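Beneath this line is the structure, given in structure tokens, with notes to follow.
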There are 2 protein chains.
Amino acid sequence: MYRTHTCGELRIENINTEVTLAGWVQRIRDLGAMSFIDLRDRYGITQLVIDEETDAAIAEQLDGLGREFVIQATGLVRERQSKNKNIPTGEVEIALKGIKVLSPSAIPPFTIEDKTDGGDDLRMKYRYLDLRRNAVRENLVLRSKMAHAVRNYLNDKDFIETETPVLIKSTPEGARDFIVPSRMNEGQFYALPQSPQTFKQLLMVAGFDRYFQIVKCFRDEDLRADRQPEFTQIDCEMSFVEQKDVLEMFEGLTKHMFKETLNIDVEDFPWMPYSEAMEKYGSDKPDTRFEMCISDITETVKGNNFVVFDSAEYIGAICAKGCAEYTRKQLDGLTKWVQRPQVGAKGLVYVKCNEDGSFKSSVDKFYAQDDLKVWAEKTGAEAGDLILVLSGDKDKMQGALGDLRLEMAKQLNLLDKNIFKPLWVVDFPLLEWDEDTQRYHAMHHPFTAPKPEDIALMDTDPGKVRANAYDLVINGVEIGGGSVRIFDAELQAKMFKLLGFTKEDAEAQFGFLMNAFKYGAPPHAGIAFGFDRLVSLFAGLDTIRDVIAFPKNNSGRDVMIDSPAPVADAQLDELNLKLDLKEKE
Amino acid sequence: MYRTHTCGELRIENINTEVTLAGWVQRIRDLGAMSFIDLRDRYGITQLVIDEETDAAIAEQLDGLGREFVIQATGLVRERQSKNKNIPTGEVEIALKGIKVLSPSAIPPFTIEDKTDGGDDLRMKYRYLDLRRNAVRENLVLRSKMAHAVRNYLNDKDFIETETPVLIKSTPEGARDFIVPSRMNEGQFYALPQSPQTFKQLLMVAGFDRYFQIVKCFRDEDLRADRQPEFTQIDCEMSFVEQKDVLEMFEGLTKHMFKETLNIDVEDFPWMPYSEAMEKYGSDKPDTRFEMCISDITETVKGNNFVVFDSAEYIGAICAKGCAEYTRKQLDGLTKWVQRPQVGAKGLVYVKCNEDGSFKSSVDKFYAQDDLKVWAEKTGAEAGDLILVLSGDKDKMQGALGDLRLEMAKQLNLLDKNIFKPLWVVDFPLLEWDEDTQRYHAMHHPFTAPKPEDIALMDTDPGKVRANAYDLVINGVEIGGGSVRIFDAELQAKMFKLLGFTKEDAEAQFGFLMNAFKYGAPPHAGIAFGFDRLVSLFAGLDTIRDVIAFPKNNSGRDVMIDSPAPVADAQLDELNLKLDLKEKE
């Protein structure tokens, strides 16, 4: 060992012990008669001192040292004159007796401090230096702890962690696959899994009863801020269970993670039907840290000759507490905000509930004070509040109000990252109609079971069928999702038909699963958590990139190792492939 | 829940309780007045009884039942008349009150029993049925337990489990990579990792101090019985450590696994230098469950006008205990065995040590009884033993004697699967000369540090340089391997040069690592365990295939899902690729 203790270990009890530490030079301060080195490792920082008592030869060695040098230092632990209460080792220092440079360092391209001067691109290129920063490393430590908490919980509950293959088969359903050419099987390809869905269902058919895996999954999609081509799921499946059994089990898991890693006791998770989430929160992933629910005021406001409202399918409102004083400029800003294409409202109607009990609205021409008073009652607005109203197509405006609700919460500072409000969103529609392809898509995936009471609707009104599907939502983030599965080959075949699969397509892609169902499939259900998002939520971060050791950028590149990269022609030749690059326009 | 208890749970204490079980029909026995169903799930088997007391309607339902049907059964627990001591539930049975078929089953293509009638191919195609067999599933349960034991141990020791990327960059060094075309980066490719080697070293540069990961790795190599294109490693790395620290840590891990999963206390692991392993065992992975070490008798036997020996570089022998009675036929068999190309000896000389103290050898013409007596002394042979002698090129014959030693152990039934003899093989050569390419290859990998005392030899006699590299060997199987790493950019550059890299090649492939070393790299060392092999060793199996849930066959195919498979032209087009199939000859 190069050290007797770590840099985070020494305390006042250790004084007069001779110790050897090893780590990185965080800082050197030369105060003339005395010099100090802050020595850093993963565990903490310890102060090394060079003073009159230190051998002159050692003192001279300091000249060559710089930030981020790796050194080994031996000395005597002594009490510090001016204690540093901010760090656990702040009561002691090491009077240096010897020092050895293990590894010098060039000047780093950015400072290795909690607040660094390095830009994103530079820090990605030198990710190994960025990871030295406490703030970044702590995210990865949290990730490791959370994974272990997950495994402890699920092992205690008799789940078998089972690895499923990474080299599988491409299926056109869902997102785009990454494919892997096979050398031994000419002209054929593996695909990387978007999830181990079919394999975990086969494990249920195999009688594994309880399966889980923390597993890498892959999607070749254009990347947005919060997407990575490879991401990690906590993937779980159980047999002989109903929806409530699954939710109970994984509510328990989630609570266990909160307790074990953040020492937070969260309350029991409410169940909210999808329809309620859309009506009250304008989102299937409602942020319930704050109220500001949407009120449907369609019937209340129609019939006053305001043609915008009279012609609208739906009129909805939210009440922003204490915002009656919003200025013209602020209101104009909100109007522009809701008119952006991604929100998609035509305009914004507001009502200010003045402190004196009067109302001021953008539609005073059409509505009397008494009318507006009814609006206030309907939306729960009181003196000092601001009512914001959108009108138009119902689904679209509910979504827009949901977005506006979040925007107002941001402006009102309601999004406290230290508060966690988990809930289950349940009773999702089984199918959603896709205008582009003019067919139904599975809202969750093709293996999701309809609610038994809705099965008859599959023939008559498929869009109305609700699924035994559920999402775990925390603070407006979809953390996990799952469903009770179809375990009957006939019902599965019917589902594939609804999704527009020909019998042959279904057979070619999922024949092995439907075949498996012929040999005694147990009722089963499962869930998958987005582990990257979960960690980033726990860490109070806005992006998953900061909880991944070596993330890729928005072009799917790892700029540190400069990947992807061209390969040798011989390599392609062995795979029976040729590049076929398109001319750039 | 579909059940109140599992099929492995009920005991005599539960009698008179009404219970509901769910599971698979293992067996139905109709004894006229009474019928029995053995109901199976992952946890065990419980007997259901239909007798005079059972409702006639229920009894009728039995007619439709068959093996592997999934049923739900309700009834009263009662004491069994004739107890079955072989199963934990054998004291009770369930008097049936109700039964429901959850899922019927076609007749399975092979019997779901510990001893099945299914051939390998059929069982691979219906892997989900094969996994229902206790013997197969238990391997996967063991695997899950072992993984958890690993994580518990390493978490306790402050290791951070960190996921490294799966989409990385192809490097020509080592085995053949699987590559993954990038859609967003035209004409470029990711590669799947053969190991996270460089990433774990970067994590050390990042100050993570202790890293581990149980991780999938990939090699596109022609498959032998014990290889899979995707396999799993326990990958570990530590900073500020020397070789003995690493061996101590991972000896502890290995002992922990033995204790936690097999309840076996193994003794401290001996350290054996590579040179000793080759001399005494003719292998760098010696099986030390039995002795039968190789004796170098070159000097002893030369000079008796036996030209075969006199012209040989090396003559070595093993002593097979109690085999003096081997027949002519057996000895001919052994001769043929050593002459096979994979062993490569020219012939076999034997000496029988008769019970009366005399010797009988195949070289009696050249050696007197007194000569042979010296041979016996040198090889430790006693009356009743058989000495087997090979001669020729030293390296080759040591290997051949190593093979012969194992063959004799097999014949003598010395390979007890319940005995575990771990050891560390240390001081491997840094480099090995490759005749084909006429250059040195890294014996371990290019990041392995030479022993400090041998560094000077890098310039003068590279083949003699020993490395700080080590393998964990158990029962003749290489379970893990690792090394102290180079952490100095200059030494690393020198190593690349020895391996025949141009400066440009080294820079293009490993520039990011050498660059990282410029910013203060800590001394570090690590190890990787072949997890599949480790589990298969613990399970007493001969192949890793049985410890993988969904393995591939020798052509790299998953015959269950029929992968790899052709992909749509559009998919290739998006990736700027074209198939370029060769005409078959």
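The values are calculated or read from the model by the stated rules, or taken from the named source; none is laboratory data. Note that the structure is predicted; figures quoted are calculated from it, not measured. All Cβ positions, even for glycine, are placed from backbone atoms using ideal geometry, and neighbour counts span all protein chains on display.
Observations on the structure shown:
- For segment A:225-250, the set of residues classified as surrounded by fewer than 17 Cβ atoms within 10 Å (Cβ to Cβ) and away from every other protein chain (no Cβ under 13 Å) consists of A:ALA225, A:ASP226, listed by residue number.
- Test: residue in segment B:495-513 that is without any contact (Cβ under 8 Å) to a residue 40 or more places away in the chain, buried (at least 16 other Cβ atoms within 10 Å of the Cβ) and closer than 22 Å to A:LEU102 by Cβ: no
- In segment B:59-73 there is no residue matching the filter, namely being out of contact with any Asp or Glu (no Cβ under 9 Å at 6 or more places or on another chain), part of a loop (DSSP other than H, G, I, E, B) and more than 22 Å from B:PRO108 (Cβ to Cβ).
- In segment A:183-224, residue nearest to the other protein chains (Cβ to nearest Cβ) [restricted to those that are within 28 Å of B:GLU138 (Cα to Cα) and among the basic types (Lys, Arg)]: A:LYS216
Yes/no per residue for (1) under 35 Å from the mean Cα position of the chain (by Cα); (2) within 22 Å of B:LEU129 (Cα to Cα); (3) in contact (Cβ under 8 Å) with a residue 12 or more places away in the chain:
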site: B:ALA539; (1), (2), (3): yes, yes, yes
site: B:ASP546; (1), (2), (3): yes, yes, yes
site: B:PHE550; (1), (2), (3): yes, yes, yes
site: B:ASN554; (1), (2), (3): yes, yes, yes
site: B:PRO564; (1), (2), (3): yes, yes, no
site: B:ASP569; (1), (2), (3): no, no, no
site: B:ASP573; (1), (2), (3): no, no, no
site: B:LYS578; (1), (2), (3): no, no, no
site: B:LEU581; (1), (2), (3): no, no, no
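- Selected residue [under 30 Å from B:ALA525 (Cα atoms) and away from every other protein chain (no Cβ under 14 Å)] from A:ASN84, A:ASN14: A:ASN14
- Matching residues, segment A:236-279, being in a loop (DSSP other than H, G, I, E, B) and acidic (Asp, Glu): A:GLU242, A:ASP265, A:GLU267, A:ASP268
- Number of positions in segment B:294-336 that are in contact (Cβ under 8 Å) with a residue 40 or more places away in the chain and under 32 Å from the mean Cα position of the chain (by Cα): 11
- When the criteria are applied in full, A:ASP573 meets the requirement of being surrounded by fewer than 17 Cβ atoms within 10 Å (Cβ to Cβ), over 15 Å from A:PHE218 (Cα atoms) and more than 7 Å from chain B (Cβ to nearest Cβ).
- Looking only at residues of segment A:516-561 that are of a type in the set (D, E, K, R) and within 7 Å of another protein chain (Cβ to nearest Cβ), we find that the one that is surrounded by the most Cβ atoms within 10 Å (Cβ to Cβ) is A:ASP558.
- Filter pass, A:SER239 being among the small types (Gly, Ala, Ser), under 19 Å from the mean Cα position of the chain (by Cα) and either at pLDDT 95 or above or on the phi > 0 side of the Ramachandran plot (or both): no
- Looking only at residues of segment A:11-30 that are among the aliphatic types (A, V, I, L, M) and closer than 17 Å to A:LYS83 by Cβ, we find that the one that is nearest to the chain's Cα centre (by Cα) is A:ILE12.
- If you check A:ASP209, A:ASP130, A:ASP177 for being farther than 27 Å from A:LEU253 by Cβ, surrounded by 19 or more Cβ atoms within 10 Å (Cβ to Cβ) and assigned by TED's automatic domain parsing to the domain that holds A:GLU260, only one passes: A:ASP177.
- Candidate set: segment B:162-182, residues that are over 22 Å from the mean Cα position of the chain (by Cα) and modelled with pLDDT under 90; chosen: the one nearest to the other protein chains (Cβ to nearest Cβ): B:SER170
- The residues of segment A:470-491 that are surrounded by fewer than 24 Cβ atoms within 10 Å (Cβ to Cβ), closer than 28 Å to A:ASP226 by Cα and not small (Gly, Ala, Ser), listed by number, are A:ASP471, A:ASN475, A:VAL477, A:GLU478, A:ILE479.
- Yes/no for B:LYS157 being outside the structural domain of B:THR437 (by TED's automatic domain parsing), surrounded by fewer than 23 Cβ atoms within 10 Å (Cβ to Cβ) and within 26 Å of A:LEU131 (Cα to Cα): yes
- Filter result for A:PHE428 (in contact with a helix residue (DSSP H, G or I) (Cβ under 8 Å, 6 or more places away or on another chain) and under 30 Å from A:ALA320 (Cβ atoms)): yes
- Checking the stated criteria, B:ALA277 turns out to be of a type in the set (Gly, Ala, Ser) and either in the same structural domain as B:GLY480 (by TED's automatic domain parsing) or surrounded by 15 or more Cβ atoms within 10 Å (Cβ to Cβ) (or both).
- Cβ pairs under 7 Å, 6+ apart, first in segment B:40-58 and in the same structural domain as B:ILE28 (by TED's automatic domain parsing) and among the hydroxyl-bearing types (Ser, Thr, Tyr), second modelled with pLDDT of 85 or more and in a loop (DSSP other than H, G, I, E, B): B:TYR43/B:THR6; B:TYR43/B:CYS7; B:TYR43/B:GLY8; B:TYR43/B:GLU9; B:THR46/B:CYS7; B:THR46/B:LEU10; B:THR46/B:THR89
- Wholly within segment A:112-222, helices (runs of 4 or more DSSP H) carrying at least 3 residues that are more than 25 Å from B:ALA565 (Cα to Cα) and touching a Ser or Thr at 6+ places or on another chain (Cβ under 7 Å): A:134-156
Residue-by-condition table, conditions (1) within 18 Å of B:ASN304 (Cβ to Cβ); (2) assigned to a strand (DSSP E or B); (3) in contact with a strand residue (DSSP E or B) (Cβ under 7 Å, 6 or more places away or on another chain):
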| site | (1), (2), (3) |
| --- | --- |
| B:LEU372 | yes, no, yes |
| B:ALA376 | yes, no, yes |
| B:GLU382 | no, no, yes |
| B:LEU388 | no, yes, yes |
| B:ARG405 | no, no, yes |
| B:LYS417 | no, no, no |
| B:PHE420 | no, no, yes |
| B:TRP424 | no, yes, yes |
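- Where a residue in segment B:93-117 is facing chain A (nearest Cβ under 10 Å) and its partner, wherever it lies, is assigned to a strand (DSSP E or B) and of a type outside the set (Ser, Thr, Tyr), with Cβ under 7 Å and at least six apart: B:VAL101/B:ILE71; B:LEU102/B:ALA22; B:LEU102/B:VAL70; B:LEU102/B:ILE71; B:LEU102/B:GLN72; B:SER103/B:VAL70
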